[in-house]
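**Student:** Just passing along the structure, written as C-alpha cells.
The values are calculated or read from the model by the stated rules, or taken from the named source; none is laboratory data. This is a predicted model, so every value here is computed, not measured. Virtual Cβ from ideal backbone geometry, glycine too; neighbours counted across all protein chains shown.
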Amino acid sequence: MKIFSGIQPTGRKHLGNYIGAIRQYVESQDRGDPAVFCVVDLHATTVAYDPTELRDRLYDTTAILLAAGLDPEKCILFRQSDVHEHTELSWLLGGVTAHGDLNRMTQFKEKSARQKELVSAGLFFYPVLMAADVLAYRAQEVPVGEDQIQHVELMREIARRFNERFGETLVVPEYRIPEIGARVMDLQEPTNKMSTTAGSDSGRIYVLDDEKAIRKKFGSAVTDSGREVVRGPDKPGITNLIGIHSVASGRGEADIESDFVDAGYGDFKKAVAESVVEYLAPVRDAYPGIRGDEAALEAVLEHGANQAREIASATLGDVREAMGVGAPRK
C-alpha cells in the first residue's frame, strides 16, 4: 500500500491538525510501502507570509511530526520544495485540469475571501500542486481530514482524465479519514472547524500548550442547553467534546455517554481536559530536544528528499513520455 500525505508548515499545530492528520501519519507508517509524508512549504507561499517565519515553522512542524512518532526509518519525510518534480508535474497536470473544477473549490473561495490584498494565482492552482504531490508517488491512499475530501476528489478526476487521454500512467488514489475526530471543532464556536487563523486562541488547543492552558481552555469551552452528555445535531459543543475525549482516551463515544450519564457539563469538561493533557504529553515532552537540533532536522529532510526524488522522478519521466514532452526515451 503506497501512502502519501502532506502538511502545511504555517501556524502552530493544534488539536485538529493532530487528530485529523498527524496521528493518521503515525498509525499508517507501518502499513505504507512506502509511507511518504511531506511538509508542503510551497503551498504556504500562496498567501501572504514572512520568509523567516516560514523556515522556523517548517522546523517546528517537522519536530512535531517526529515527536509524535514518525520514524524516518519507517517512512519518507521530506520538504516539498526540495523535490522539484512536484512543481513540474503540477504544470503538466494543469493541462488536464478544468478551470471550472478549480473555481468550485471551497477552500479557494474561503481563503480568497479572507485576503486583504492579493488573491494569488497560486492559491487558485493550489489543488493541482496538491494533486501532483500525491500522484508523483502513485499513492493508493491519502490520509486527510474531512475538509480535504474535495481536493482528493479533484486529484482523482485529474488522474482519470490524464489516463483517458494519454494512457494508464497515474494511480487514482483513495482518501482515508479517521472514523472519529475527522473534524475537530472550535471550543468557543463549535459550529466552526478548529483553525489556526480563524477564531480566538481560547477556541483551539495547541499541541504544545502546557497543562494549565489546556485545562483552562476546556474549562471555558462552550456547551449546549441542558446538562446531558449526549451527541446530537442540536448539541454541537458536547458532540465535539465527546469526539475529542473518545480519541484522547481510546474509549468509544457511546461508552463515554454511558460513563457520564449522571454527570454535569463541568465534570465532563474536566475529564476531557485530563484525557487531552495525557494524550499530548509524549509530544510535548519529546519536542524541545528535537526542535533544538536544526542540523539533525535538516539531515532528516535531506535524507527523505533523496528517497522521494527517486520515486517522483520515475513518475515524472513516465508522464513526460506519455505526453510527448522532452526528448523521447531511447
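**Student:** Against the conditions (1) in a helix (DSSP H, G or I); (2) over 20 Å from the mean Cα position of the chain (by Cα), where does Asp56 fall short? Just the number, please.
**Tutor:** (2)
**Student:** Would you check if Glu168 is over 22 Å from the mean Cα position of the chain (by Cα), in a helix (DSSP H, G or I), surrounded by fewer than 18 Cβ atoms within 10 Å (Cβ to Cβ) and at negative phi?
**Tutor:** no
**Student:** Could you check segment 208-223 and list, in sequence order, the residues that are assigned to a loop (DSSP other than H, G, I, E, B), surrounded by 17 or more Cβ atoms within 10 Å (Cβ to Cβ) and of a type outside the set (S, T, N, Q)?
**Tutor:** Leu208, Asp209, Ala221, Val222
**Student:** On to the next question. State all residues of segment 114-140 that are modelled with pLDDT of 95 or more, under 18 Å from the mean Cα position of the chain (by Cα) and surrounded by fewer than 21 Cβ atoms within 10 Å (Cβ to Cβ); if no residue qualifies, say none.
**Tutor:** Gln140
**Student:** Okay, moving on. If I ask for residues that are in contact with a strand residue (DSSP E or B) (Cβ under 8 Å, 6 or more places away or on another chain) and closer than 15 Å to Glu298 by Cα, which ones from segment 41-65 would you list?
**Tutor:** Passing the criteria: Asp41, Leu58, Thr61, Thr62, Leu65.
**Student:** I'm told Asp41 meets every condition in (1) assigned to a helix (DSSP H, G or I); (2) out of contact with any Cys (no Cβ under 9 Å at 6 or more places or on another chain); (3) buried (at least 20 other Cβ atoms within 10 Å of the Cβ) except one. Can you identify the failing condition by its number?
**Tutor:** (1) is the only condition that Asp41 fails.
**Student:** Can we say Val230 is outside the structural domain of Pro72 (by TED's automatic domain parsing), surrounded by fewer than 20 Cβ atoms within 10 Å (Cβ to Cβ) and among the hydrophobic types (A, V, I, L, M, F, W, C)?
**Tutor:** yes
**Student:** Sort out for me the helices (runs of 4 or more DSSP H) sitting completely within segment 232-324 that have 3 or more residues that are acidic (Asp, Glu) and under 23 Å from Gln29 (Cβ atoms).
**Tutor:** Filter on segment 232-324 gives 294-323.
**Student:** Scanning segment 181-207 for residues that are part of a loop (DSSP other than H, G, I, E, B), modelled with pLDDT of 85 or more and surrounded by fewer than 17 Cβ atoms within 10 Å (Cβ to Cβ), which turns out farthest from the chain's Cα centre (by Cα)?
**Tutor:** Thr191
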